[in-house]
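The values are calculated or read from the model by the stated rules, or taken from the named source; none is laboratory data. Only a predicted model underlies this, so the values are computations on that prediction, with no experimental measurement involved. We place every Cβ from the backbone using ideal geometry, glycine too, and count neighbours over all the protein chains shown. What goes into the accessible areas is simple: the full protein's heavy atoms, side chains included, and nothing from ligands, DNA or RNA. Shrake-Rupley method; radii C 1.70, N 1.55, O 1.52, S 1.80 Å.
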Amino acid sequence: AQTVTQSQPEMSVQEAETVTLSCTYDTSESDYYLFWYKQPPSRQMILVIRQEAYKQQNATENRFSVNFQKAAKSFSLKISDSQLGDAAMYFCAYRFSFYNQGGKLIFGQGTELSVKP
Amino acid sequence: GAVVSQHPSWVICKSGTSVKIECRSLDFQATTMFWYRQFPKQSLMLMATSNEGSKATYEQGVEKDKFLINHASLTLSTLTVTSAHPEDSSFYICSAIPLAGASYEQYFGPGTRLTVT
């Protein structure tokens, strides 16, 4: 069965510094998506970044980038130039292909990120 | 961007009563909607997959007779918690996959907080 593991319940970073959140997953599929979602205190899920498994190139979205290691089944998120607004719970998520399990998501346990001014 | 709404945002009900939560895709049609449950400081746990015009698919361990899901149209899915008990108090989140869109797209509602007294 597919699983997603985030081994860092809490992380802290100084404003303007860089922080990396870890995520590992297990799957037997070859075609899937991986995501990082941010959940602020409002609890609205916000998509941070996605990675298609077939793409070797790591995804980047402004200050957010990933290190996708498919063979190692690792998918870490790097936040550069951290801002106070980055403080939130971050979830790593694995998405099944639509034709297998209808595209449902399974989430890691989450990492609570705090940003110190 | 695509918007998913949930109603109500917060509901308090007495033990033994039923409560209905609506999930609507406001500006797109959704082939599939998902229902998640989230306890404080925990991850999102998938409860069920809802497809328009067909019976919902429940995850293992989720009582289908207690959590009734109806997906009557391409823009509306409802979750009814029947005979609610205090242990059903939680945050319920829905998400929707657009009928027309990129294969990775999935949009989340803002969530509904259920408190059972």
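Quick notes on this one:
- Only the Cβ atoms of Lys and Arg (+1) and of Asp and Glu (-1) were treated as charged; on that basis the dipole of chain A about its Cα centre amounts to roughly 220 debye.
- Nearest-20 debye value, chain B charge dipole, Cβ charges on Lys, Arg, Asp, Glu: 240 debye
- Those trypsin sites (Lys or Arg not before Pro) in segment A:1-83 that DSSP places in a loop and that have at most 12 other beta carbons within 10 Å: A:LYS55
- Surrounding net charge for B:LEU46, when Lys and Arg each add one and Asp and Glu each subtract one, Cβ distance under 13 Å: +2
- Accessible-area ranking of B:HIS85, B:HIS71, largest first, probe 1.4 Å: B:HIS85, B:HIS71
- Rolling a 1.4 Å probe over the protein chains gives B:VAL11 an accessible area of about 30 Å².
- FRET efficiency, A:LEU84 to A:THR20 (Cβ-Cβ, R0 25 Å, nearest 0.05): 0.85
- Dipole of the protein assembly as shown, positive direction: furthest Cα of A:ALA71, B:ASN51, B:SER95, with charges on the beta-carbon: B:ASN51
- Gaussian network model of chain A, Cα within-10 Å springs - most flexible of A:LEU77, A:LEU34, A:LEU47: A:LEU47
- Other residues with beta-carbon under 13 Å from the beta-carbon of A:GLN44 carry, at +1 per Lys or Arg and -1 per Asp or Glu, a net charge of +3.
- Relative contact order [Cα under 8 Å, 6+ residues apart], segment B:1-91, whole percent: 33 percent
- Per the protein assembly as shown, cysteines lacking a partner by the 4.7 Å Cβ criterion: B:CYS13
- The interface between chain A and chain B buries about 1800 Å² of solvent-accessible area in total (1.4 Å probe, ligands and nucleic acids excluded).
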